[in-house]
Structure formats: structure tokens, C-alpha cells
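To start, the structure itself, in C-alpha cells.
We did not get these values from a lab; they are worked out from the coordinates using the rules stated. Since the structure is predicted, the reported quantities are computational estimates derived from the model, not experimental observations. Don't worry about glycine lacking a Cβ; one is built from the backbone with ideal geometry, like all the others, and counts go over all protein chains shown.
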Amino acid sequence: MIIYLYPVAHTAQTGSVYFTLVVTIERYFAVCRPLQSRSSKCLATWKRGICISIFILLFSIGFTIPRWMEYKIMVHQDKVDIATTALKENPQFVKFYIHYAYFIVIFAIPFLILIVFNLVIYKQ
């Protein structure tokens, strides 16, 4: 089950982070720009909500595609085992995708955006 649940968990984590960002940005418009928010219905419409949700879902799946290729099932006679693939054992993959890309996409960018928007909301 780990070879399926592990990438699904990372996809859900990515989606959760970016849905939190969307909610923060929507709250920014509702608090700091209420007239714009009401007149243009900035983010709070069904159609835009569905489009944003689909975009976040596709982005989350796209970003975590390499996670689906990190483990494989090995069958040895009567024993089933889980092994890492060559991709997971590649030091360049670990360095750039798992360390750098994960840090930037899942932590740094969302964290900075959350700080900025929440500070602006707080000041308002």
C-alpha cells in the first residue's frame, strides 16, 4: 500500500497548501478590498472556485508525478517486497526534486505569500 498511499499523501499535501493560499487571498480581497470583491466577485464564485480547484488539483498531481515513480513492487518467488527505483536512488533527483523543489514549492513560496497577505489583512 505504501507505493500508492505515499504519492497520494504528497499530492494531498500539495493541494492542501495551495488551497490554504487561495483562501488567504480570497480573505484579503474580502477584508482589504470589499468593494472590488463584491463588484467583480473576485474569487468567490462557483465557476471560479471550480476552475481554481481543478487547477490546484492538476498542479498537485503534476508536481507529485515523480513521487509515483520512487518505489516499485518486487516479487521473489513467494515473497512480495517494496524496493526503491533508480530514480529514488539518483542523488541528483534527491537533491533537486526532494530537497530544493519541495522546499521552494511546498514551503518557501506559500509561506512568504501567507505572511504577506496575513500581515496586510492584520494591518487593515
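A compact table of results
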read-out	value
Calculated [θ] (222 nm, deg cm²/dmol) that DSSP helices of n ≥ 4 give over the chain, each run adding -39,500 (n - 2.57)	-20000 deg cm²/dmol
Relative packing of 101-112, 8-19, which averages over residues the other C-beta atoms within 10 Å, highest first	8-19, 101-112
Nearest 10 degrees, 0 to 90: helix 109-123 Cα axis against the chain principal axis	20
Interchain or long-range residues, amide H under 5 Å from Tyr71's placed H	Thr85
The range 14-124: C-alpha pair distances exceeding 19 Å, %	61
Anchor Lys47: aspartates and glutamates whose Cα lies under 20 Å away (excluding residues fewer than 8 positions away in-chain)	Glu26
